[in-house]
Amino acid sequence: MSVRFATGASAFALQNRLRGIEIFAQAFGSSSIDFEITWWTGSRPIDIRKSKDEVIEAVKAALDNAAIEIPFPYRTLTFKEPLPVEQAKSAS
């Protein structure tokens with residue numbers, strides 16, 4: 001299921017359909033595909049915050065409904081030399 005299709009079914013998208021929501025794939029991240037999502041909103045700061053909240057919730061719900069997980073990056077550190085490990089002395 002595409003992000004465009006999934007978010008198109010959200011309540012926010014249905015309210016905003018006449019003005020349009022546009023979704024563009026931007027880049028491959030280390031553990032992600034980055035999208036730019038544009039939409040119309042009011043000009044007051046509260047309108048901007050509320051609409052951003054609604055869009056993020058709609059995208060998250062759409063991803064959950066499509067069983068798409070948001071991955072978290074894993075890092076593996078390698079060292080040229082072994083690292084010494086010292087055991088902490090007990091306080092007794």
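Structure notes:
- For the stretch 35-50, the tally of residues that are acidic (Asp, Glu) and either within 14 Å of Ile23 (Cβ to Cβ) or under 14 Å from the mean Cα position of the chain (by Cα) (or both) stands at 1.
Listed here are the residues, each with its yes/no results for (1) within 20 Å of the chain's Cα centre (by Cα); (2) outside any loop (DSSP other than H, G, I, E, B); (3) at pLDDT 90 or above.
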site: Lys52; (1), (2), (3): yes, yes, yes
site: Ile56; (1), (2), (3): yes, yes, no
site: Ala62; (1), (2), (3): yes, yes, no
site: Ala67; (1), (2), (3): yes, no, yes
site: Ile70; (1), (2), (3): yes, no, no
site: Thr76; (1), (2), (3): no, no, no
site: Phe79; (1), (2), (3): no, no, no
site: Pro82; (1), (2), (3): no, no, no
site: Lys89; (1), (2), (3): no, no, no
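- Members of the stretch 49-92 found to be among the hydroxyl-bearing types (Ser, Thr, Tyr) and either farther than 23 Å from Ser31 by Cβ or surrounded by 12 or more Cβ atoms within 10 Å (Cβ to Cβ) (or both), listed by number: Ser51, Ser90, Ser92
- Filter pass, Ile46 being modelled with pLDDT of 85 or more, exposed (fewer than 10 other Cβ atoms within 10 Å of the Cβ) and either assigned to a helix (DSSP H, G or I) or on the phi > 0 side of the Ramachandran plot (or both): yes
- Residue in the stretch 29-39 that is loosely packed, with under 10 Cβ neighbours inside 10 Å, not in a loop (DSSP other than H, G, I, E, B) and not aromatic (Phe, Trp, Tyr) present: no
The values are calculated or read from the model by the stated rules, or taken from the named source; none is laboratory data. Just so we're clear, the structure is a prediction, and the values are computed from it rather than from any experiment. Methodologically, a virtual Cβ is constructed for each residue, glycine included, from the backbone with ideal geometry; neighbour enumeration extends over all protein chains shown.
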